[in-house]
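The values are calculated or read from the model by the stated rules, or taken from the named source; none is laboratory data. Nothing here was measured: the structure is a model prediction, and the numbers come from that model. Cβ sites come from the backbone with ideal geometry, for glycine too, and all protein chains shown count toward neighbours.
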Amino acid sequence: MAIRMAHVAVGMILAVGAVLAVACSADGDGDEMNKKPEVVGTGGEEGEGTGGEGNDTGNGGQGNESQGTGGQGNDTGTGGQGNDTGTGGGGNTPGGGYGALATVNFTSGFIFDGAKFNTQQSQHPEGIQMSAAFVGTYQSNNAPVPPNGAAMTAAFVVHLAQYKILSVQQQSLTNASANLDPSVIVELDESIGAGAVSLPSEEAFLYLTDPSAGNCFAAIGVGSLQITNAVNTAAADGGQLSFTGSNIQLFHPSNTPGGDLTGEFPAGSVCPYK
């Protein structure tokens, strides 16, 4: 069963990745990458308390916009409902987390040439990992990654020489070779070496796309990867690449730790919040 090339957002590693990296971490050490943006949270702002009420209540606090547990109001926090929601809420404005990749474990013994992938994939089976490299959930309904009902999930890496990047892609297919949602893609600088790398950064950018919706951008990953093997990664083909990771937090492009980044993507290319 031939694996079809997924959508590749060439150049995004230097665009959205850099924008989000700067917005998320002021000191560059990556510690701030997991902080929640202002529109994400478990309650409101301006005042905290226990058991009180306010104009807009979150977790039972007190104030104009407050925090507490189980509050109700126009703006709600954990588990609430309203126009603007925090973690686990429901409403018109997306809340915080959008799922997470609990485990990441990718290994390829052959980096494909992006221009020759269709012919090389049958010649170098060592380049295709015939199991899921990325496992977790995405979207507010915790849809599984890889998706249920897939006849096959595989991962591979191609070298895109014209953009000087490596594109690692996980695809899930039906028996009819149709791609299922989502695809997981990691773009890496072709000069990547062994060691830890932040997501997102100018070196690495992880995102999910939905093939059923024209490969729109569904989520952005925030966390880190540990590159365990990187051999001849800048060569046209034939190199090797392995990396691991865990607890990669996912965010809809409209609601990331760096704010609303939909404007950094091509017009109309971001999936609706689900």
_For the condition closer than 15 Å to Asn105 by Cα, out of contact with any helix residue (DSSP H, G or I) (no Cβ under 6 Å at 6 or more places or on another chain) and hydroxyl-bearing (Ser, Thr, Tyr), what is the one hit in Thr153, Thr174?_
Thr153
*With respect to Pro147, determine if the residue is closer than 22 Å to Gly99 by Cα and assigned to a loop (DSSP other than H, G, I, E, B).*
yes
_Failed criterion for Ser177 (all others in (1) modelled with pLDDT under 95; (2) more than 24 Å from Ala235 (Cβ to Cβ); (3) not in a loop (DSSP other than H, G, I, E, B) hold)_ = (3)
*One residue from Asn175, Asn247, Asn148 being of a type outside the set (Asp, Glu), under 13 Å from the mean Cα position of the chain (by Cα) and farther than 24 Å from Glu264 by Cα*: Asn247
_If I filter region 114-137 for residues that are modelled with pLDDT of 95 or more and closer than 18 Å to Cys271 by Cα, do I get at least one hit?_
yes
